[in-house]
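J.: Got a structure for you, questions after.
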Amino acid sequence: MVALLLPMAWSTTAAQDATPVADAWTVIEAEPPTLIGKPSGDQTLHLAGPVGDLGSLDPAFARDLTAAFFARQVFSGLTAFDAEMNAVPALAEKIEISPDGTVYRFTLREGATFHDGRAVTADDVVASFARALNPDTAGGDITALGGPTFLSDIVGSDELMRGETDVLSGATVIDDRTVELTLKAPRSTFLMKLAGAPAVIVDTTQTSDPDWWRTPNGTGPFWVTEWAPEDHLTMTKFEGYLPSPAYLDTVEFRLGPMAGNPFNLYQSNQIDMTDLPGSWLTRVQDDPELANQLLTAPMLSTSYIAFRDDVAPMDDPAVRKAVALAFPREQLAEVSYAGLARPAYGLLPPGLLERTWEVTGNEYDLEAAKAALASSTYAQSGEPIPPIQVFGAGPWVAEVLRETVGEDLGLEFEVIDADWPTLIDRLGKQDLPAFELLWQADYPDPESFLWSLFGSDSPDNYSGYSNPEFDALLEEARNTLDPDARAAIYDEAHQLLIDDGVVLTIVHDVRYSMHKPWVKGVEMTPLGLLDLSSIWIER
């Protein structure tokens, strides 16, 4: 990317950052839609979807980027992210926040309906949230649900997630168009979380059918009109979508084998947009015509390897320290990533809260790594160091770790390649000694990394890490609405996590994508391409 290593800044809504005024409710009202598109010609967008199984369109199970993307096209929530990463009203037309920041009152848009024309009501909101938190939705397996990550701030969510009740006590219907949500404590990120895919509004009158999601009665800008697994998925514009219908009439996704080799499909004009493999970047940049079709966007994402600190040999802090110091992330970024990604010294990518995030103590230093290993309990006792197992879906960085750190320090790494469904299932069960993963933020705040991945009470804490001091800092930050004060707390928590040596950060990702000259209105955000409703065709 041209400015690929320059930090980018993303703002948050005034309501998220403002300190409540005593006795005054904060009010956020939806802005009128800005229609800038000038569509002309056939308004059909052709895309390549997953080569593997697309899986379910049920947003309650949206735990990865692909599932979340498709859910956002078919369903809508109370809030959504705009192009600047503000959480703004979506199905809600007005949001009121109590002076103490614990009560949120949402007024639904007048005229908001499901795809079949039935009005969206406050009862639908409460039922959708309760369903997304109820383990019965996943046959009793709460780890299969995405809802706990986004909705667990609401009073009563813990009891619901434990299966003690079917009622979300903190969600109250005031009238058909008004719902009130009471939080356990003030949360600076709550409106951002409500923009997540598992927090969208579904028609729970149809969810008793196990296959309801194949023809869902959604709330989003598009509805599913045809779905042939392993071949194609067709979405059509929902004319009644609020705040305004999409420009596109139709979106055609190739699926399965039909979606293979997407860049070749792009070059032959069979699809209109695609991600660009890094191996093709130089060729594209050297071609003036193709270069004009290239879109570059630093992502709020980090590749990393996490270690359980209760499994040998990584239960020894000295071994973890040695591995961190001997890891040549700069060389890896330059050689393996061809200089197209930025070495990640910490977990937090630049731009969160309009800041860069500095950490110390894990810069490459092979001599210091050897000294740390010499101080380990293994070296002191003369016992052999057992192998370090690392799991992943194509964990090639773990293989680099084996060839570099393993050889330099005399450590044995066992790299286990698992298919994605198996890996995500085992991640949820927290039974992997170490794993390699790319994590992209669900919302633009440090909480989406620090708490989501390493908070003791987070459903996405796949490594089982638990540090009371770290948790206390996260809780303090979550209750702090002032962004500068919150950033200072996150800085302290971030450094503590790095000092504990449970995460080996690799790179912060950059996304390269191609779109044809006739494709307009593409809003590639630091969270990826979230919404197709802003896109139009202009021929």
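The numbers here are math on the coordinates, done by the rules we state, and not lab data. Fair warning: this is a prediction, and the values are worked out from it, not measured in the lab. In this analysis, Cβ positions are derived from the backbone assuming ideal geometry, glycine residues included, and neighbour counts consider all displayed protein chains.
J.: Which of L35, V88, A368 sits farthest toward the positive end of the charge dipole of the chain, with +1 on the Cβ of Lys and Arg and -1 on the Cβ of Asp and Glu?
T.: Value: L35.
J.: Once the dipole of the chain is set up with Lys and Arg at +1 and Asp and Glu at -1 on Cβ about the Cα centre, which of S169, I154, P288 lies farthest towards its positive end?
T.: P288
J.: Also, I was wondering about something else. Using only DSSP helix segments of four residues or longer, with each worth -39500 (n - 2.57), what per-residue ellipticity at 222 nm results for the chain after dividing by its residue count and rounding to 500?
T.: Helix contribution divided over all residues of the chain: -7000 deg cm²/dmol.
J.: Residue farthest toward the positive end of the dipole of the chain, with Cβ of Lys/Arg at +1 and Asp/Glu at -1: which of T236, G278, A344?
T.: It is T236, whose Cα lies furthest towards the positive end.
J.: Taking the Cα atoms only, what angle lies between the long axis of helix 65-74 and the longest principal axis of the chain, rounded to 10 degrees?
T.: Around 10 degrees separate the two axes.
J.: Roughly what angle does helix 468-478 make with the longest principal axis of the chain, taking Cα atoms, 0 to 90 degrees, to the nearest 10?
T.: Helix 468-478 and the main axis of the chain meet at about 30 degrees.
J.: Moving to a separate point now. So how do E252, E330, E164, E447 line up by other beta-carbon neighbours within 10 Å, fewest first?
T.: In order of increasing Cβ crowding within 10 Å: E164, E330, E252, E447.
J.: To the nearest Å, what is the center-to-center distance of the stretch 156-201 and the stretch 302-366, using C-alpha atoms only?
T.: 36
J.: Right, another one. Which net charge results when you count Lys and Arg as +1 and Asp and Glu as -1 among the other residues whose beta-carbon is under 14 Å from that of V74?
T.: -2
J.: For a quick protection proxy, order the peptides 39-51, 129-141 by their average other-Cβ count within 10 Å, most packed first.
T.: 129-141, 39-51
J.: For the pairs K237/K520; K184/K429; K184/K237; K94/K520; K38/K193; K321/K429, note any where the Cα-Cα span goes beyond 28 Å.
T.: With Cα atoms farther than 28 Å apart: K184/K237; K94/K520; K38/K193.
J.: Hey, another quick one. Can you compute the charge dipole magnitude of the stretch 58-146 about its Cα centre, using +1 on each Lys and Arg Cβ and -1 on each Asp and Glu Cβ, nothing else charged? Give it in debye, rounded to the nearest 20.
T.: 60
J.: Next question, about the same structure. Would you mind giving the average projected area, over all directions, of the Cα convex hull of the stretch 301-508 in nm² with one decimal?
T.: 11.0
J.: Would you list R342, R308, R539 from fewest to most Cβ contacts within 10 Å?
T.: Least to most surrounded, the residues fall as R539, R308, R342.
J.: Using the Cα centre of the chain as the reference point, and only Cβ charges (+1 on K/R, -1 on D/E), how large is the resulting charge dipole? Debye, rounded to the nearest 20.
T.: Rounded to the nearest 20 debye, it is 1020 debye.
J.: Starting with the highest mean, order 271-282, 419-430 by the number of other Cβ atoms within 10 Å, averaged over the residues of each peptide.
T.: 271-282, 419-430
J.: For the stretch 403-539, what is the convex hull volume of its Cα atoms per residue in Å³?
T.: Enclosed volume per residue, from the Cα hull, is 182 Å³.
J.: Helix 317-326 sits at what angle to the longest principal axis of the chain, using alpha carbons and giving 0 to 90 degrees rounded to 10?
T.: In the chain, helix 317-326 runs at an angle near 80 degrees to the longest axis.
J.: List the residues whose amide H sits under 5 Å from the amide H of L78, counting only those 5 or more places along or on another chain, with H placed 1.01 Å from N in the peptide plane.
T.: Amide H neighbours of L78, under 5 Å, 5+ apart: L91.
J.: Here is a follow-up. Treat every Asp and Glu Cβ in the stretch 301-508 as -1 and every Lys and Arg Cβ as +1, leave all other atoms uncharged, and give the resulting dipole magnitude about the Cα centre to the nearest 20 debye.
T.: Approximately 280 debye in magnitude.
J.: Specify the inter-centroid distance of the stretch 229-251 and the stretch 92-121, based on alpha-carbon positions, in whole Å.
T.: 23
J.: Where does the charge balance sit around R131 when Lys and Arg score +1, Asp and Glu -1, over other residues with C-beta under 10 Å from its C-beta?
T.: Within the 10 Å Cβ shell, the charges total -3.
J.: Which order, highest average first, do 226-232, 522-528 follow once you tally other Cβ atoms within 10 Å for each residue and take the mean per peptide?
T.: Highest to lowest by the protection proxy: 522-528, 226-232.
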